[in-house]
1. Just one of the numbered conditions (1) of a type outside the set (Gly, Ala, Ser); (2) in contact with a strand residue (DSSP E or B) (Cβ under 9 Å, 6 or more places away or on another chain); (3) open to solvent by 70 Å² or more (accessible area, probe 1.4 Å) is not true of B:LYS129; which one?
2. Got a sec? Which of A:ILE396, A:ILE388 is touching a helix residue (DSSP H, G or I) at 6+ places or on another chain (Cβ under 7 Å), outside any helix (DSSP H, G or I) and surrounded by 19 or more Cβ atoms within 10 Å (Cβ to Cβ)?
3. If I filter region B:1-24 down to residues being open to solvent by 30 Å² or more (accessible area, probe 1.4 Å) and under 22 Å from A:GLY395 (Cα atoms), which single residue comes out as modelled with the lowest pLDDT?
4. Tally the residues that are near ligand 1 (Cβ under 8 Å from one of its atoms), closer than 24 Å to B:TYR204 by Cα and outside any helix (DSSP H, G or I), restricting the search to region B:22-55.
5. Just checking, does region A:220-230 include any residue being in contact with a His (Cβ under 8 Å, 6 or more places away or on another chain) and outside any loop (DSSP other than H, G, I, E, B)?
6. Filter region B:126-147 for residues that are polar (S, T, N, Q) and within 14 Å of chain A (Cβ to nearest Cβ); which is farthest from A:PHE389 (Cα to Cα)?
7. Take the conditions more than 17 Å from the chain's Cα centre (by Cα) and away from chain A (no Cβ under 14 Å) and apply them to B:LEU123. Does it pass?
Amino acid sequence: MNSTEVKNNYLSVFSDWEKTALTKDPFWIRETREKALSYFEKSGFPSSKDEAWKYTDLDAFYKIPFALTGEGQTKAAVSAELKFLGFDTSKANLMVFVNGHLSKSLSSFEDSHGIKVRSLIESLSNGPLKRYFIEILPFENRPFVSLNYAYFTDGLFLHVPEGKQLEKPVHLVYLSDNSGKPTQSHLRNLILMEEGSRATVVEHYWGNNLNPYFTNVVTKVSLDKDASLDHTKIQQESELATHIGVLAARQKENSRLAARVFSFGGGLGRSEVETVLAEKRAEVALDGLTLSTGKQHLDIRTFVDHLSPACKSAQAFKAVADKSGTAVFDGQVLVRENAQKTDASQSNKNLELSKDAKIYSKPQLTIYADDVKCSHGSATGQLDEEAIFYFQSRGISREEARRTLVYAFAEEMVGKIQNDYVKGPVGLMVQRWMEEEIGKKS
Amino acid sequence: MLEIKNLQARVEDKEILRGVDLTVKAGEVHAIMGPNGSGKSTLAHVLAGREGYEITGGQVLFEGKDLLALKPEDRARAGIFLAFQYPVEIAGVNNTYFLKAALNAVRKSKGEEELDAMDFLELVKAKLKPLKMDESMLQRSVNEGFSGGEKKKNEVLQMAVLEPKLAILDETDSGLDIDALKVVADGVNALKRKDRGFLLVTHYQRLLDYIVPDYVHVLAQGRIVKSGGKELAKELEQKGYGWIPGAEKKEAAV
Ligand SMILES: Nc1ncnc2c1ncn2[C@@H]1O[C@H](COP(=O)(O)OP(=O)(O)OP(=O)(O)O)[C@@H](O)[C@H]1O
Ligand SMILES: [Mg+2]
């Protein structure tokens, strides 16, 4: 199929899908689904002429007939495998989604102290959510976001009331079933942090499926005054997967967002993170590590909108590309007229391990205020042959030398993780990647 | 233990080694002196297996085996150690980790058991002491931000830990203060053994007051143009290299 055929397919299956799959939708949801679909009808899929999609080739995605399925099943021994990854899930609110539907039997989570940790679709019947549902990330001109609005099935609803702190992190695991048919999931998460509240959330996309699948996710975050969210996304999809995800936040006065993206999996993976620093002294730290090998294409796109004065944003992204892997960093910072005393920094460092690996780096700062402190930098290099020889001259094999040097490069991003629940497991994933991709110990 | 026969090497179009002959027997200390750019570091690098040099002739035997056929790590495991003229800084790799990985790689290749963290730390601390190195050096990234002298001491520390059969020290004395020179020389002397050879590249007779060589060679324009005993170094100190046939300064080409 080509992009028009895939588009037409999404348009034609909608009414049947909606009838059978989602009888519990309140009316306003059905309305937004239809509105979103009509936007998608107008926009179609992004074209390579679209600046935002310049580096992302969707041709392989169009070729696969991803089916919209009902609740999926997984034979994966989820808890044992999470343990192998290093997660102590007894210390978390674990929510497992299969094909976009919450699996209650694999999950273990609860409300506590007025904090709601719930399935989004079950929470939506409550009217007040409507505002948040539509605000923050409009779907106009964003084809995959429109598709998500039209077809989303479920996700997390987290609501932390004023002054409350969520003790256990929320660990969201998203799986796709492995029944042989290419499947797709459209997931939606909504995180509402009231004044002075705190929480930790881990979004974990994970699979080693033998059939292709497509994950399309939108996470929205609202941070009130003094609220703080620590968010980690681990994109560890199967190599056959297409993953497209957006995290969009809106931050009020003196709120803090730390959002990290670890992109290890997926054949085509694209993660966007964007935040609007809407009130003064809001702070955001965006970090990420991409490890791309084989024929993987992994994109990171960030957008920080400095709307108000005295806000701070710091971005640090690193990527390693080996074999024919591609890694993209496209980061934008916009400092508007009113955003005096902005402190914005952006850094992107990349390591190219083979001649067929490709790295694209495009850090951009657009500044309309005059009293600001802004910096950005980008560097792409290869491993230092002199350093490799130094290892070898001490008896350490070339492979181990390379592995150690790549790990040393990547490890900095693991070091930035503040919460222990994810730090260990992510460190382990990085280490295992080095062992599997850059040769065995000799 | 080491036999270099008519060794020739070049980088791109530039001939650097033009027929080096040198034999080092177990237990001997050989000093190599010679003008800047004469090929001393190149010789050291070629012996250690650094890429980028094309060997255009000659051979090198180490304990009777063809050294040039081995990968650099296999040469190190076979007992060759090069102390670099310019030790490499490796950001993000802990010095202890590096040393331990090196020692265990060498031990493993000999069929010896790998050392665990505790045993290794004990061993390395014992080696640090005579070098008057601070233990905090172990926690830092390899050579990163080390002073010139600290880097050289770190090379000697690595040598002491790895206990090679043949140690090639490329200007390990350069950049050391007077006390550090003594400490490093003592470190080398402590490693002297009947079954261990040394090749010292140096510009200064002073080092040879501390580490007394059995032979002194002059390498000029890619060849060994003169060899002698330790008194040759003293003579060079006084007269320079100009008087030796083959080491005269070439007239600038017009
Ligand atoms: N990779 C290279 N590319 C080009 N020329 C090189 C390269 N390596 C060495 N040379 C040249 O080969 C010659 C010998 O260099 P080498 O470093 O071996 O000299 P040296 O005797 O160690 O000098 P010094 O006493 O200054 O340390 C020099 O002219 C140097 O510029
Ligand atoms: Mg030299």
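1. Looking at each condition in turn, B:LYS129 falls short on (2).
2. On the way: A:ILE388 fails: outside any helix (DSSP H, G or I).
Among A:ILE396, A:ILE388, only A:ILE396 is touching a helix residue (DSSP H, G or I) at 6+ places or on another chain (Cβ under 7 Å), outside any helix (DSSP H, G or I) and surrounded by 19 or more Cβ atoms within 10 Å (Cβ to Cβ).
3. It comes out as B:MET1.
4. Here the count works out to 6.
5. Filtering region A:220-230 down to residues in contact with a His (Cβ under 8 Å, 6 or more places away or on another chain) leaves A:221.
Checking the rest, the ones that are also outside any loop (DSSP other than H, G, I, E, B) come to A:221.
Yes, region A:220-230 contains at least one residue that is in contact with a His (Cβ under 8 Å, 6 or more places away or on another chain) and outside any loop (DSSP other than H, G, I, E, B).
6. Applying the first criterion (polar (S, T, N, Q)) to region B:126-147 yields B:136, B:139, B:141, B:143, B:147.
Applying the additional criterion that residues be within 14 Å of chain A (Cβ to nearest Cβ) yields B:141, B:143.
Numbers: B:SER141: 17, B:ASN143: 15 Å.
Only one residue fits best here, namely B:SER141.
7. Details: more than 17 Å from the chain's Cα centre (by Cα): yes; away from chain A (no Cβ under 14 Å): yes.
Taking the combined requirement at face value, the residue satisfies it.
One line per residue, one yes/no per condition, for (1) more than 14 Å from chain A (Cβ to nearest Cβ); (2) within 24 Å of B:GLU112 (Cα to Cα); (3) of a type in the set (Phe, Trp, Tyr); (4) open to solvent by 10 Å² or more (accessible area, probe 1.4 Å):
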{"site": "B:GLY149", "(1), (2), (3), (4)": "yes, no, no, yes"}
{"site": "B:GLU155", "(1), (2), (3), (4)": "no, yes, no, no"}
{"site": "B:ALA167", "(1), (2), (3), (4)": "no, yes, no, no"}
{"site": "B:ALA190", "(1), (2), (3), (4)": "yes, yes, no, yes"}
{"site": "B:VAL201", "(1), (2), (3), (4)": "yes, no, no, no"}
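The values are calculated or read from the model by the stated rules, or taken from the named source; none is laboratory data. This is a predicted model, so every value here is computed, not measured. Neighbour counts are summed over all protein chains in view; Cβ atoms, including those assigned to glycine, are modelled from backbone coordinates with ideal geometry. Just so you know, the surface numbers come from the protein's heavy atoms only, side chains and all, with ligands and any DNA or RNA stripped out. Shrake-Rupley method; radii C 1.70, N 1.55, O 1.52, S 1.80 Å.
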